[in-house]
1. Applying 1/(1 + (r/R0)^6) with R0 = 35 Å to the Cβ-Cβ distance of W194 and Y111, what FRET efficiency is obtained, to the nearest 0.05?
2. Any idea what angle helix 186-206 forms with the longest principal axis of the chain, computed on alpha-carbon atoms, 0 to 90 degrees, nearest 10?
3. Rank these residues by their accessible area, most exposed first, probe 1.4 Å: I72, I327.
4. Could you tell me how many degrees, from 0 to 90 and to the nearest 10, lie between the Cα long axis of helix 361-376 and the main elongation axis, the longest principal axis, of the Cα atoms of the chain?
5. Counting each DSSP H run of 4 or more residues in the chain as -39500 (n - 2.57), what helix-only mean residue ellipticity at 222 nm follows after dividing by all residues, to the nearest 500 deg cm²/dmol?
6. Once percent of Cα pairs over 36 Å apart is worked out from the coordinates, which option in (1) 53; (2) 24; (3) 36 does it equal?
7. What shape does the range 315-452 have by the C-alpha gyration tensor, where a ≥ b ≥ c are the square roots of the eigenvalues, rounded means a/c under 1.5, and otherwise prolate means a/b greater than b/c and oblate the rest?
8. Between 0 and 90 degrees, rounded to the nearest ten: what's the tilt of helix 148-167 against the longest Cα principal axis of the chain?
Amino acid sequence: MGKGARARKEREAQAGQISAKQQQEQKSKRLHKVIGWLAALVVLVLLVFGVLYSTGVLQRHMTAMTVGDTEISGSEYNYYYNQMRNNFLSQNSDYLTQLGLTYSTIDEAMYTDTQTFGEMFREQAETTLRDTYALYNEATSQGYEMSEEGQQSYDDSIAALESSAESADLSPNEYLGQALGMNLSFDQYKEILWRASLGQDFYNNTQAKESHTDEELNTYYEENADDFDKADYRVFQVFFETGETDEETEQNKAEAKAKADAFLEQVTDEESFIRLARENAAEDQQEQYAEDDGTLQQGVALTSSGTVMDWVKDPARQEGDTAVLEISTNYSVVYFIDRYRDESNTVNVRHILLSSDEDNDEEVSQQAEELLQQWKDGEQTEDSFAALARENSDDSNAAQGGLYEGVTPGQMVTEFNDWCFDESRQPGDTGIVKTEYGYHIMYFVSEGGPAWKVNAESALATQDYNNYMDELEAKYPSTTNQKTIDLLI
C-alpha cells in the first residue's frame, strides 16, 4: 500500500475514533440532562409534599385509622397525638427537665425499657380515638341529638378558644397552630370537638348510671378493700453503710440488725415505741424522733407499695403487731396501729386557674380579681361560674367548667386544700387562692360523701364505662394504617 493510501486510512480511522468519542460525549451529556431533570423532579415533588404537609392538606386526605366504617384522617390522628404529648409535657415539666427532655426530643426517648415516649403517646391517642368514634358511631346510628347541656358545653368550649385567641391577638387558626404545634384549621377543630362531644353526651345521657346502690358500693368495697383502705403505723429506721468490701458491708448490716432487734424486744406498746425511738435515734435522726409523731405514718393508702406496705396489708395484721423488716439501706422496726375504711368527708368544687410566674404575677392577680367581680356582677350561679371556667381556665378540666368532684383531704396542694376544707365553708362560697400553679378563683359546690364511697362510685362508673366500650369496640372494630402513621409522626 502506498504512503498516500496509508495516510488516508489513518485519517479515516482517526475520524472514526473522534466520531465515536463525540457520540459517547453526547450520550453522556444526555444522561446528565436526564439525571438533572429527575433530580429537579424529585426536589419539586419533595417541595410540593412539604407544602402540602405543612398546610395540613396532605394529612386531611390520608387515612390513619378506621373505627367501624368511619375513616379518621391523618390530621385528626395528629391532633389527638399532640394532645397526649402536650398534656404529658405540661403535667410533668419539672420531671422531664431533670431528664433533659424537651418537646423536640421526647418522642424518641425511652419511656420504659421496651417503649419510647412516642410509642406511648400513639397508644394513648389510638385508645382515645377508638373510644371516641365507637361512641360517635353508636350515637349517630341511633339518631341521637345533642342535649341542651351538651350543646352549651360545646359552645362554651368554642367560645373559650376564640376568646383565648383574641386575647393573644391571633386568629383562631393561628392560635391553634401555636397551642397544638401543628397545622389544624378552626373548622377542623370544631368538627373534631363536635364528634367527641356528641359521643360523650350520648353516653352520659343514655348509658351512665347516676349512682349505684349502697349494696353495690359495699360489695365492691369488700371485694377491693386494698384499693380503698388506709393504715396508721410507726417506723423506726436503723441505717447501715455499704463498706469497701463485702465483708465490711455484711458486718455493718449485722450491727444494724442487732440494734433493730434489741429495739423490738423492748417494745411493749405504742408509748414505749415512741420513747425507744428517742433513745436510739442516730445523731441525724434526733430532731425527727424528738416529736411524738416522728415515727408516725398516718392515713397511708394501701395502694402504696414497698416492703413495709406489704407487711401492713397482710389480712392477718392486728393492732400492736411488730416486726423488723430489711430494706435496701436499713432495717425498719414497724409497729401496726390500725387499718380502716376512709370515712373522711369529700367536697365538690369548681375553680378557674390563671397560670402565673414571677414576671406576670401582679397582672394575673388583677385578672383574677376582675374575673371574680365579673361573676359577682352577673347571675352569681354555678352555671355562670362554669361558663367562665370554660372560657378562661388554664387547667385541664376547663371543658368541664373547672369541676373537681370527690376531692379528699390532702389531695390538692396545701392552699387549695385549706380553702376547700375550711370548717366554715358553705355552698356558693367564692374566693381567690394563690398556689405554685397560679391564681385559683374558687367556687364551693357542696360537700360530698365519705371518701371510700366516692372512690367506689368512681371505680364502678369506670367499670361500667369499660364494659360498655368493650361491647362497642366489638361492634365497631378498629384498624390502624401504620405506614400513614409512621409518615405523620
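The values are calculated or read from the model by the stated rules, or taken from the named source; none is laboratory data. This structure is a prediction, so every number in the text was calculated from the model and none was measured. Cβ coordinates were reconstructed from backbone atoms using ideal geometry, including for glycine residues, and neighbour counts include every protein chain displayed. Ligands, DNA and RNA are stripped out before the accessible areas are found, and what is left, the full protein with its side chains, is counted by its heavy atoms. Shrake-Rupley method; radii C 1.70, N 1.55, O 1.52, S 1.80 Å.
1. That pair, W194 with Y111, gives E of 0.65.
2. Its long axis makes an angle of about 40 degrees.
3. I327, I72
4. Between helix and principal axis, roughly 70 degrees.
5. Roughly -18500 deg cm²/dmol at 222 nm, from the helical runs in the chain.
6. Entry (1).
7. prolate
8. Approximately 70 degrees, to the nearest ten.
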